[in-house]
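A.B. asks: Sharing a structure below in structure tokens format, with a few things to ask.
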Amino acid sequence: MNDTPGWASPGSSPSDGQGTDVPRPAEPADAPGTPANWSKDQPPAGQWSPPTAPGPSGPFPPRTPAPGWDGGQHQGGWGRPPAAKPGVIPLRPLGVGEILDGAVSTLRAHWRTVLGITLTVSVVTQIGDILLQRYLVPAPPQLSADPTPEEALDQSVESLKASLISLGPTTVLTLIGTFITTALLTIVISRAVLGRPVTLSDAWREARPRLPQLLGLTLLLPLLSAAAMAVGLLPGLLLDGSPAGVLLTVLGGIAAAMVIVWLLVRFSLSYSALMLERQGVIASLRRSAKLVQGAWWRIFGIMTLTMLLMFLISMIIAIPFTLIAFAVDGEGLGGLLTGTAPEFGWPFLIITGIGAVIAASITYPISSGVSVLLYIDQRIRREALDLDLARAAGVPGYGSSSTGDTTSGS
């Protein structure tokens, strides 16, 4: 066990079907030679309590709670003590609120490093997107106000082609930004769980050896999604626009979308496995599938909730900048309300780009934090990773961290 990301080699503890019943110490170990579950105040075997004389309330006097009992938190009294929390999360199976709070707490605790990463990546990608939209992406086709049915079909096809062409460069830039932020923020969050500081240079030094594998994984998942969608749409498209072909295309698209969602959730923990366990691309996909098994719906729900929150945050930030951009450039707010398409110039692109940078600087670390903390939560539930994390963080009562190399997952 050491203080680098990875914490424990995969497979070092059971991981199939094992839940929160993984044995964990309720408190630091007793003194040597003390029998289990025995204390000096416990009566001898076969006797529930020391004999007492009958009192006004019966043969047993009222029991006074032990010191530290507060009626809700079992601190110093009956029940298990609270879990250790050396960093941004308690070291036990996490709830949805604790995962989201841990992601936000990482942003607060390491805001210099996190914002340094997200602002740099967001600014570079937005500048690239603005230049592409301005100089390389073709202008949208002009639409007829009163088209015939044939013209309407042609306009729909042309509009779809223009949308796909404009979406391509943006998608590539988004993948690049996601690739870089995932690599660096995963290291930051793994240190934040242990309550240890991390600088941008530390994160880069830890992440750099894993960048080729992470790039392969970042490209592989979209290719898998595209292949699934192509398989779903191809039979209907081969029928040349007949009613049966249209229906088959729609049904195939829906089925392909469901398969894509299933695959993305199943492999959602592969980025963390690749970075923290030093797995290869295929091994990290298998590792993610193993950790997600039996918890697909839970992870899907948490990811969906996170995406909705990120969308709301982005909209709250983007809408004011978009309104300002419309007022400054093109037809102005009047053109927006009347539905005309203004000529977007540099002011519009720059103002909306600033809003996008601010939104990305906030949403990137939260979404990455949720992904990494989901991975940690699944390993805590299945492999008792909380014990290794507590030892790595130096929590009293959990022993010292091992000096051996336990981070290698290959």
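Read the figures in this text as sums done on the coordinates, not as results from a lab. Since we're looking at a predicted model, the values are computed, not measured. For neighbour counting, all protein chains shown are included, and Cβ atoms are generated from backbone atoms with ideal geometry for every residue, glycine included.
A.B. asks: Could you sort the peptides 349-358, 251-260 by per-residue average Cβ neighbour count (10 Å cutoff), highest mean leading?
C.D. replies: 349-358, 251-260
A.B. asks: Give the long-range amide H neighbours of Gly345: residues separated by 5 or more places, or on another chain, with amide H under 5 Å away, using H modelled in the peptide plane at 1.01 Å from N.
C.D. replies: Those lying under 5 Å, H to H, from Gly345 are Gly330.
A.B. asks: Give the peptides 87-96, 215-224, 187-196, 273-282 in descending order of average Cβ contacts within 10 Å, highest first.
C.D. replies: Details: 87-96: 19.7, 215-224: 16.3, 187-196: 24.3, 273-282: 22.4.
Highest-to-lowest ranking by the protection proxy: 187-196, 273-282, 87-96, 215-224.
A.B. asks: In Å and whole numbers, how far do the C-alpha atoms of the range 175-226 stretch along each principal axis, longest first?
C.D. replies: Result, largest extent first: 40, 18, 15 Å.
A.B. asks: First measure r as the distance between the Cβ atoms of Leu305 and Tyr135, then evaluate 1/(1 + (r/R0)^6) with R0 = 41 Å and state the FRET efficiency to the nearest 0.05.
C.D. replies: Details: r = 39 Å, r/R0 = 0.94.
With a Förster radius of 41 Å, E is 0.60.
A.B. asks: Note the full-extension length gain between Leu115 and Ala227 as 0.36 nm times their separation in residues minus their Cα-Cα distance, in nm to one decimal. Numbers along the way, then the final one.
C.D. replies: Details: separation 112, 0.36 × 112 = 40.32 nm, distance 3.52 nm.
Extra length from Leu115 to Ala227 when fully extended: 36.8 nm.
A.B. asks: Right, another one. How big is D, in µm² s⁻¹, for the range 191-279 by Stokes-Einstein at 20 °C and 1.002 mPa s if Rh is the Kirkwood radius over C-alpha pairs? Provide the component values of the computation, followed by the final result.
C.D. replies: Working: Rh = 15.8 Å.
The estimated diffusion coefficient comes to 135 µm²/s.
A.B. asks: Quick one: net charge around Ile302, please, counting Lys, Arg +1 and Asp, Glu -1 for every other residue with C-beta under 15 Å from its C-beta. Can you show the working numbers first?
C.D. replies: Working: positive: Arg266, Arg298, Arg381; negative: Glu98, Asp101, Asp377.
Counting the neighbours of Ile302, the net charge comes to 0.
A.B. asks: If you rank Leu100, Leu385 by fewest surrounding Cβ atoms within 10 Å, what's the result? Before the final figure, lay out each step's value.
C.D. replies: Working: Leu100 19, Leu385 24.
With the fewest neighbours first, Leu100, Leu385 line up as Leu100, Leu385.
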